[in-house]
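Heads up, the thing below is written out as structure tokens.
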């Protein structure tokens, strides 16, 4: 692709000024490229406005961080759309991971010490499970994920976390109790 050198230099200058914090340059950059970048993303995310807006914002943030690497070998729009392509790919990777996690959460067997209070329905609801996991202490969340989603044994978890199997058993017991409280709290709202 042949790029007009003067236009490329103007685009590079505008990008560098915007990256340095010049609000007028940032506004001019958005005015000059915003419709193209947003449209590029919007079409790729199936017309989901909220996702397109978020990814457009993250594209510009990444573009401003990467401004010194723009060499002007393409138009600024093309360069920003290349960044947008990566943002969209990352978004879809994240969605796939979330979908797999939700599906796993729905398939996870209810640990026996949680069954007695009939929280099986809460386990079937992936959203409730994710929310409950999110409210746990990070270490408790980590051991539950390793045990019930990744299917690791207590010994494997101990090895991975640099703790003894007895410590892991204790952590799992406290984590399951915390999860039980979170799930009961969510169903009682």
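The values are calculated or read from the model by the stated rules, or taken from the named source; none is laboratory data. Given the structure is predicted, the values throughout are model-derived calculations rather than measurements. A quick note on method: Cβ atoms are made from the backbone with ideal geometry, for glycine too, and the neighbour counts reach across all protein chains shown.
When the stretch 133-179 is examined, which residues are found to be under 23 Å from residue 100 (Cβ atoms), within 25 Å of the chain's Cα centre (by Cα) and not in a helix (DSSP H, G or I)?
Matches in the stretch 133-179: 136, 150, 151, 152.
In the list 27, 17, which residue meets the criterion of being in the same structural domain as residue 80 (by TED's automatic domain parsing), surrounded by 17 or more Cβ atoms within 10 Å (Cβ to Cβ), over 27 Å from the mean Cα position of the chain (by Cα) and at pLDDT 95 or above?
On the way: 27 fails: surrounded by 17 or more Cβ atoms within 10 Å (Cβ to Cβ).
It is 17.
Please identify the pairs in which a residue from the stretch 148-159 that is touching a residue at least 40 places away in the same chain (Cβ under 8 Å) and assigned by TED's automatic domain parsing to the domain that holds residue 171 has its Cβ atom under 6 Å from the Cβ atom of a residue that is part of a loop (DSSP other than H, G, I, E, B) and surrounded by 12 or more Cβ atoms within 10 Å (Cβ to Cβ), counting only partners at least 6 apart or on another chain.
Matching pairs, first to second residue: 148/108.
What residue, of 43, 25, 19, 6, is touching a helix residue (DSSP H, G or I) at 6+ places or on another chain (Cβ under 7 Å) and without any contact (Cβ under 8 Å) to a residue 24 or more places away in the chain? Spell out how you get there, then give the answer.
Details: 43 fails: touching a helix residue (DSSP H, G or I) at 6+ places or on another chain (Cβ under 7 Å); 19 fails: without any contact (Cβ under 8 Å) to a residue 24 or more places away in the chain; 6 fails: touching a helix residue (DSSP H, G or I) at 6+ places or on another chain (Cβ under 7 Å).
Going through 43, 25, 19, 6 in turn, just one is touching a helix residue (DSSP H, G or I) at 6+ places or on another chain (Cβ under 7 Å) and without any contact (Cβ under 8 Å) to a residue 24 or more places away in the chain: 25.
Can residue 56 be described as within 20 Å of residue 16 (Cβ to Cβ) and outside the structural domain of residue 147 (by TED's automatic domain parsing)?
Values: within 20 Å of residue 16 (Cβ to Cβ): no; outside the structural domain of residue 147 (by TED's automatic domain parsing): yes.
It is false that residue 56 is within 20 Å of residue 16 (Cβ to Cβ) and outside the structural domain of residue 147 (by TED's automatic domain parsing).
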